[in-house]
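Contents: one structure, followed by commentary.
The values are calculated or read from the model by the stated rules, or taken from the named source; none is laboratory data. These figures come from a predicted structure and were not determined experimentally. Ideal geometry is used to build each Cβ from the backbone, glycine not excepted, and the neighbour counts take in all protein chains shown. These area figures cover heavy atoms from the full protein model, side chains too; ligands, DNA and RNA do not enter into them. Shrake-Rupley method; radii C 1.70, N 1.55, O 1.52, S 1.80 Å.
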Amino acid sequence: MEILHFRATGVSVMIECPPDALPAILHWGPDLGPLDDEALAHLAADLRPRLDVSVDVPVRIPLVPEARTGWMGLPGLSGHHLGQNWSPAFTSVAYQRTGQTLTATARDEYARLTLTIIIELGDSGLLRARADLRNQSQSPYTLDALNLAFPVPGTPTDLLDQAGRWAKERIPQRRPLTTGIHLRENRRGRTGPDAATVLFAGTSDLGFRRGEAWGLHVGFSGNHRHYAERTSSGRTMLGGGELLLPGEIILAPGESYRSPWLYATYGRGLDAAARRFHEHLRARPAHPSRPRPVMLNTWEAVYFDHDLDRLLELAGRAARVGVERFVLDDGWFHGRRDARAGLGDWTVDTAVWPDGLTPLVKRVRELGMQFGLWLEPEMINPDSDLARAHPGWILRTGDRLPPLARDQQVLDLTNPEAYAYIRTRLLALIGEYDLDFIKWDHNRDLVDAGSMVRGGRASVHAQTHAVYRLLDEIRAEHPRLEIESCSGGGGRVDLGILERTDRVWASDCIDPAERQQIMRWTGQLLPPELIGSHIGAGRSHTTGRRHDLAFRAATAFFGHYGIEWDLTTLTDGELDDLASWVALHKRHRHLLHTGVVVRVDDAPESVQAHGVVAADASEAVYEIAMLDRPSTWPPGRLRLPGLDPATVYSVRPLIPVTSHGTAPAWTTGDFALPGAALAGSGIAVPPLLPDESVLVHLVARSR
């Protein structure tokens, strides 16, 4: 029996590869160092399961757990041939290794099923796996679930994942890891604002910079599940996969199903676990390589009130403050005077735009900016020419329509005619206006999502893959085009959609007090340059709270910068202030969008801090934010993690500090300390009021 040992940047994965059973991970976690064959054999012998009380043989848990081995937990494969072969037994397995990728092809000769598992360890230390199931029987095979599971050592005590809702996404939630299953199922037909995002098992001392974390992310944009399972014997698994609706996948003879990729990250602290995701994404061939253009999106500036003269003035002011990409949001297409009509009719409304969008596009480009457009291709309003002409193009089940949400339904992209219509309209718009960018929105959940061309069968799986195909084909036709994944804000944030898009809209809420948390925890999966992060108006559109420009601009500073604000209402002085923030971001965006994200664990009461450190530790920018009034004063000290201990850094505020008390010595700009001192003793937090923050800039002076 061969034992494989994969290693990358602090991670080891040991995989047992028997010829008569599915591969099993014996170790996934900290690097074990170089191990020769003898050492591997000895360690494998000690890691293999001992006798369980349930059966008289040791119970193996392969990547796809099998009930037939005596495993009493959640099985990996669940399905049947007309009620038969419901407990598969894969006993003939062939292996192929290429570098640090293992492909295992297994057969159940009795059930006539073939299961192919691919598992690979990337250069970042991120582990991922997926499985393909082929039905080689003469009977149809109903697939209920295909989950993969990763073993976690016996040390974790806690579970950490995320929850949320519209305009308040990615709220962390933590609880003890106990015997049984912690199950997070998403049935929204999209990733969801309440998605688990990454499900972690961690040690009791887990923080951003301490403890150990094992995390799992399901890279899929439709229904999905994450789970953590601990058995009575103390064995702990993290698992997940696509959540299939009843009868959604029925494999005819010769047909196959492919699971989404499951991504598994290990780190000493949540920052290290996040860094593996970030490095994986940054290594993609299609990852944005140019500086992320500063955007202005028109939604919170004009809403549905489209007027050429007003938008031309807005474009002029956007160019004045340094905007590089101008995006026209909802309201430009036929019949779209509010949210109740028009979706599906993707032609420019000549009642509002008698000369089309050309006058605006031409002027935007004359001002040196790119042009982008808002679209919601997957949706349809019942009050639209398209719905009236093709009522059968709406996803539905049986003899009823799903309940309306935002006065819209879901267009059935599994219908070849509907798909061809949308593809044609999108390519026509992109070509006519030579679009640089699409804000691709998806504003409602999929309820009763059956397809009439598929006999009313549940079709979230097929719809999701149709969207993927549509995005892939558009990108193939227009490789320069950038696409944002927006879904009622942050409702579609996952590594499946990120294979096809260039950024996400993290939330419809750009209130900076809310965005502090949203950005902090979206960063557990995505690097800053993929997270749309905009400066809104002084009074927040979603919460009604008011904040100064400095707090709004500093909160948005680290992400893909943008503006969502009616600039025509600003004075010359206010425009100059905004322009200075845009210029400041441009000077530092290379660092912000290539460096290592660090988040601070032990900040003083009411203080939250994070930063980005250059890969070579030669420079860093941190934000220190005061989110509430602390019970003690002055605020205390903040340690700055992630720096090189031996390097001496000049420390200064990136913007002038408005200090409500005695300003700390470092704010003078004539201040330097070694990285060890900055990490060990830290710097004094300025006396800030709630909803104020300061940006700290560190530059290596000597090493």
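Would you please classify the overall shape of the range 5-84 from the alpha carbon gyration tensor, given that a ≥ b ≥ c denote the square roots of the eigenvalues, rounded means a/c under 1.5, and beyond that prolate means a/b larger than b/c while oblate covers the rest?
Since a/c reaches 1.5 and a/b is larger than b/c, the shape of the range 5-84 is classed as prolate.
Quick check on the chain: helices-only [θ] at 222 nm, where DSSP H runs of length 4 and up contribute -39,500 (n - 2.57) each and the sum goes over total residues. Nearest 500, please.
Helix contribution divided over all residues of the chain: -6000 deg cm²/dmol.
Considering only DSSP beta bridges with both partners in the chain, what is the antiparallel share in %, to the nearest 5?
Counting only bridges with both partners in the chain, antiparallel ones make up about 85 percent.
Taking a cut-off of 19 Å, what percent of all Cα-Cα pairs in the range 601-700 are separated by more than that?
It works out to 35 percent of all Cα pairs.
Once you sort the root eigenvalues of the Cα gyration tensor of the range 414-465 as a ≥ b ≥ c, which label holds: rounded (a/c under 1.5), prolate (a/b larger than b/c) or oblate (the other case)?
Oblate shape, in that a/c is at least 1.5 and b/c is the bigger or equal ratio.
When Lys and Arg each count +1 and Asp and Glu each count -1, what net charge do the other residues less than 12 Å away from PRO19, Cβ to Cβ, add up to?
Neighbourhood net charge equals -2.
Viscosity 0.692 mPa s, temperature 37 °C: what is the translational diffusion coefficient of the range 652-701 from Stokes-Einstein with a Kirkwood Rh over Cα pairs, rounded to a whole number of µm²/s?
The calculation lands on 281 µm²/s.
Rg (Å, one decimal) plus Dmax (Å, integer) for the alpha carbons of the range 179-273?
In Å, with Rg to one decimal and Dmax whole: 15.5, 51.
If you average 1/r across every pair of different Cα atoms in the range 278-336 and take the reciprocal, what Kirkwood value do you get, in Å?
13.6
Is the range 426-509 best put as rounded, prolate or oblate by its Cα gyration tensor, with a ≥ b ≥ c the root eigenvalues, rounded for a/c under 1.5, and otherwise prolate when a/b is larger than b/c, oblate when not?
It comes out oblate by the Cα gyration axes.
Given the convex hull of the Cα atoms of the chain, what is a quarter of its surface area in nm²?
32.0
In the range 1-142, if every C-alpha pair distance is counted and binned at 5 Å from zero, what percent goes to each bin?
Per 5 Å bin, starting at zero, the Cα-Cα P(r) for the range 1-142 comes out as 2, 9, 18, 20, 19, 14, 9, 5, 2, 1 percent.
Treating the Cα atoms of the range 80-207 as identical point scatterers in vacuum, please give the log10 of the normalised Debye intensity I(q)/I(0) at q = 0.09, 0.19, 0.21 Å⁻¹, two decimals.
Result of the Debye calculation: -0.41, -1.16, -1.19.
Relative contact order (percent) for the chain, with alpha-carbon contacts under 8 angstrom and 6 or more residues of separation?
Taking the mean separation of contacting Cα pairs over the length of the chain, I get 10 percent.
Only Lys, Arg, Asp and Glu count, each charged at its Cβ (+1, +1, -1, -1), so figure out the dipole size of the chain about its Cα centre, rounded to 20 debye.
So the dipole magnitude of the chain works out to roughly 640 debye.
So if I take the alpha carbon set of the range 111-180, get Rg, then get Rh from the Kirkwood formula, what is the Rg over Rh ratio?
Result: Rg/Rh = 1.11.
Give me the percent of Cα-Cα pairs in the range 478-635 that sit more than 27 Å apart, rounded to a whole number.
Every Cα pair in the range 478-635 considered, those over 27 Å come to 26 percent.
Going Cα to Cα from LYS362, which lysines come in below 22 Å? Please leave out same-chain ones fewer than 8 positions away.
LYS362 reaches LYS439.
Just to make sure I understand: if all protein chains stay in place, what is the order of HIS80, HIS534 by accessible area at 1.4 Å, largest first?
HIS80, HIS534
How large is the accessible surface of MET379 in square angstrom, using a 1.4 angstrom probe and rounding to the nearest 10?
0
First compute the accessible area of the chain with a 1.4 Å probe, then give the percent of it belonging to carbon and sulfur atoms.
51
Using the Karplus equation 6.51 cos²θ - 1.76 cosθ + 1.60 (θ = phi - 60°), what ³J(HN,Hα) coupling, rounded to whole Hz, does each residue of the range 19-30 give in order, writing x for Gly and Pro?
x, 10, 7, 5, x, 10, 7, 8, 9, 9, x, x
With every protein chain left in place and a probe of 1.4 Å, what is the accessible surface of SER650, to the nearest 10 Å²?
We get 40 Å² for SER650.
What number comes out for accessible area per residue over the chain if the probe is 1.4 Å? Units Å², please.
37
In whole Å, what is the distance between the alpha-carbon centres of the range 334-395 and the range 274-332?
The range 334-395 and the range 274-332 have Cα centres spaced 18 Å from each other.
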